[in-house]
Amino acid sequence: MSRWPLPEPMQAALQEARVGESAGEVPIGAVVVKDGQVIARAHNQPRGLCDPTAHAEVLAIREAARLLGSERLGECELWVTLEPCPMCAGAISHARIARLYYAASDPKGGAVEHGARVFDQPQCLHRPEVYSGMGEGEAAALLKAFFAGKR
């Protein structure tokens, strides 16, 4: 769908979204990158883990923090297939993620360019650099197909 090859981290996030979809989860995937290498990956798992906080972003951040032995991920990037919700945006801020890349915008539940705009709030502890749109077509198509199958 893209005119150019997607960066490897976004390809990995989309693959995670597909893994989640095959498990019956909303197809959202995320990866944490440090020094150009994917160090953690996850997909949505609220249903499978019976945990409403088990969003792809939160799970990937938890794994990266565990692997690095620190709750601060200031040298890391987060690549995710959908604009983060308010909870995930808060986790990104608290983890001090340096850069956030997300594929598709989420006018209904997103909190970066829509809704709460968490990083624009004066109470926000840390504001990552934000880049959107890479892989938007692929991510949106996965989500549309998933929800069309539910109707």
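The values are calculated or read from the model by the stated rules, or taken from the named source; none is laboratory data. Since this is a predicted model, take the numbers as computed values, not measurements. Cβ coordinates were reconstructed from backbone atoms using ideal geometry, including for glycine residues, and neighbour counts include every protein chain displayed. The accessibility values were calculated without ligands, DNA or RNA, using every heavy atom of the protein model including side chains. Shrake-Rupley method; radii C 1.70, N 1.55, O 1.52, S 1.80 Å.
Hey, can you find the accessible area per residue of the stretch 25-147 for me, probe 1.4 Å, expressed in square angstrom?
Result: 46 Å² per residue.
Report in % the part of the accessible area of the stretch 64-118 that belongs to carbon and sulfur, leaving out ligands and nucleic acids; probe 1.4 Å.
Carbon plus sulfur share of accessible area: 51 percent.
Once you put a point 7 Å from the Cα of Glu75 and another 7 Å from the Cα of Ser22, both along the Cβ direction, what distance in nm separates them?
Between Glu75 and Ser22, the label points sit 3.3 nm apart.
Return the label of the correct value of percent of Cα pairs over 20 Å apart, as calculated from the structure shown, out of (1) 46; (2) 42; (3) 53.
Recomputing percent of Cα pairs over 20 Å apart here picks out (2).
If you place +1 on the Cβ of every Lys and Arg and -1 on the Cβ of every Asp and Glu, how big does the dipole about the Cα centre of the chain come out, in debye to the nearest 20?
It works out to roughly 260 debye.
Between Leu67 and Ala116, what is the FRET efficiency for a Förster distance of 22 Å, r being their Cβ-Cβ separation, to the nearest 0.05?
Efficiency at R0 = 22 Å is approximately 0.15.
Rounded, prolate or oblate: which one fits the stretch 1-81, using the alpha carbon gyration tensor with axes a ≥ b ≥ c (rounded when a/c is under 1.5, else prolate when a/b beats b/c, else oblate)?
Cα axes put the stretch 1-81 in the oblate bin.
Rounded, prolate or oblate: which fits the stretch 53-93 when a ≥ b ≥ c are the square roots of the eigenvalues of the alpha-carbon gyration tensor, with rounded for a/c under 1.5 and prolate only if a/b beats b/c?
It is prolate, given that a/c is not under 1.5 and a/b is the larger ratio.
What does the helix-only formula give at 222 nm for the chain: each DSSP H stretch with n ≥ 4 adding -39500 (n - 2.57), the total divided by the residues, and the result rounded to the nearest 500 deg cm²/dmol?
-11500 deg cm²/dmol
Taking 0.36 nm per residue of separation and subtracting the Cα-Cα distance, what length does fully extending Lys144 through Ala98 add?
Full extension from Lys144 to Ala98 adds 13.6 nm.
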